[in-house]
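As structure tokens, the structure follows; a few thoughts come after it.
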Amino acid sequence: MLKLALRRIAALLPTLLIIVTLSFAIVRLAPGGPFDAEQGVSPAVRANLERVYGLGAPLPVQYLRYLRALAHGDFGPSLRQRDFTVSELIRQGLPISATLGVCAIALALLTGIPAGIAAALWRAPAGDLLVAAASALGMALPSFVIGPLLALVLGIYLHWLPVAGWQPGAARYLVLPVLTLALPLAVALARLTRASLLEVLRAPFMRSARARGLGETRVLWRHALRPALLPVVNYLGPAIAFLVTGSLVVEAVFGLPGTGRYLVQGAIDRDYPLVMGMVIVYGSLTLLLNLLADLASGWLDPRSRHG
């Protein structure tokens, strides 16, 4: 496991460097600039602003300067929100976004995997139809449809939960966003767990375990569950990327002051340092969570450690 972890960690830095390089090029080559919205600014003043923020230098020079600052943990100042640095904005919004993502992943795992196990063990035509319908519905409806529907039913009609906004320490404001993110992932995990467990239960080594007189409970927990969860863990990598991108929409729908709004607003304002900071944070989180999924896969299947 240690060798597997070291190999995966060694691949993180080059991958992150590629993300930074591509993002820097796309952001800087996009039409428009951070000071285009300034009214009544003369060309001389605009040129002076670009010189102060280092935007007048050639792109390779700007890129090397950015990498040098990034190596010291400096994301630079925000070009539009000039009272804050990018690091300060990240510190403001990241705890909310991280809480939203962690709660959504935990809820999806705690509901989707047990539901898939139950559907595989207690097979019935009605249960199969319910799992298939829920999976198709959950994967077909995007977050910007599920969120307003939940807000309409649970917030406006039933008055159980707030439909938007945020109050520090008030967990009820996170319930609808977490449900919106977790539901599609939970039904996908349930469908995948059910299909994988059914395949494992039909395997020859399972018949051998039953032939030795082992009970069904022991066969399930000691022999079937570990290989059945391997496809589920492998699926978590793309699922995490889905959660990261979906959280941007969910934060906008429910008015949460997370980092997603900074990324969207920074892209609109051509706030280069802010966009780059958000991309690096989201990219790093995605790579880190994929690393954890790879390590869990290596623990479940020792053969993958040498792949």
**Q.** Pair list, Cβ < 9 Å and 6+ apart or interchain, from the stretch 152-170 residues that are within 19 Å of residue 96 (Cβ to Cβ) to residues that are of a type in the set (A, V, I, L, M) and open to solvent by 80 Å² or more (accessible area, probe 1.4 Å)
**A.** 163/156
**Q.** Criterion violated by residue 2 - all others in (1) farther than 30 Å from residue 293 by Cβ; (2) modelled with pLDDT under 85; (3) of a type in the set (A, V, I, L, M, F, W, C) satisfied
**A.** (1)
Q) Given the structure, is residue 94 touching a helix residue (DSSP H, G or I) at 6+ places or on another chain (Cβ under 8 Å), at pLDDT 90 or above, under 27 Å from residue 14 (Cα atoms) and open to solvent by less than 60 Å² (accessible area, probe 1.4 Å)? A) no
Q: Give 79, 55, 121 a once-over and let me know the one that is over 29 Å from the mean Cα position of the chain (by Cα) and crowded, with 17+ Cβ neighbours inside 10 Å.
A: 55
Q.
Taking the condition of being over 11 Å from the mean Cα position of the chain (by Cα) and part of a helix (DSSP H, G or I), how many residues in the stretch 244-264 meet it?
A. 12
Q. When you go through 174, 149 one by one, which is the residue that is open to solvent by 10 Å² or more (accessible area, probe 1.4 Å), in a helix (DSSP H, G or I) and without any contact (Cβ under 8 Å) to a residue 60 or more places away in the chain?
A. 149
Q: Select, from 123, 80, 46, the only residue that is over 30 Å from residue 171 (Cα atoms), modelled with pLDDT under 75 and in a loop (DSSP other than H, G, I, E, B).
A: 123
Q: Could you please let me know if residue 169 is among the small types (Gly, Ala, Ser), open to solvent by 70 Å² or more (accessible area, probe 1.4 Å) and over 18 Å from residue 241 (Cα atoms)?
A: yes
**Q.** All positions within the stretch 14-43 that are open to solvent by 90 Å² or more (accessible area, probe 1.4 Å) and at pLDDT below 85
**A.** 29, 31, 39, 43
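The rows are residues; the columns are (1) touching an Asp or Glu at 6+ places or on another chain (Cβ under 7 Å); (2) surrounded by 20 or more Cβ atoms within 10 Å (Cβ to Cβ); (3) at pLDDT 85 or above.
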{"site": "224", "(1), (2), (3)": "no, yes, no"}
{"site": "230", "(1), (2), (3)": "yes, no, no"}
{"site": "245", "(1), (2), (3)": "no, no, no"}
{"site": "264", "(1), (2), (3)": "no, no, no"}
{"site": "278", "(1), (2), (3)": "no, yes, yes"}
{"site": "291", "(1), (2), (3)": "no, no, no"}
{"site": "297", "(1), (2), (3)": "no, yes, no"}
{"site": "304", "(1), (2), (3)": "no, no, no"}
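The values are calculated or read from the model by the stated rules, or taken from the named source; none is laboratory data. Predicted, not measured: the structure shown is a model, and the values here were computed from it. So basically every Cβ, Gly included, is an ideal-geometry build from the backbone, and we count neighbours across all protein chains shown. Just the protein is used for accessible areas: all its heavy atoms, side chains included, with ligands, DNA and RNA removed. Shrake-Rupley method; radii C 1.70, N 1.55, O 1.52, S 1.80 Å.
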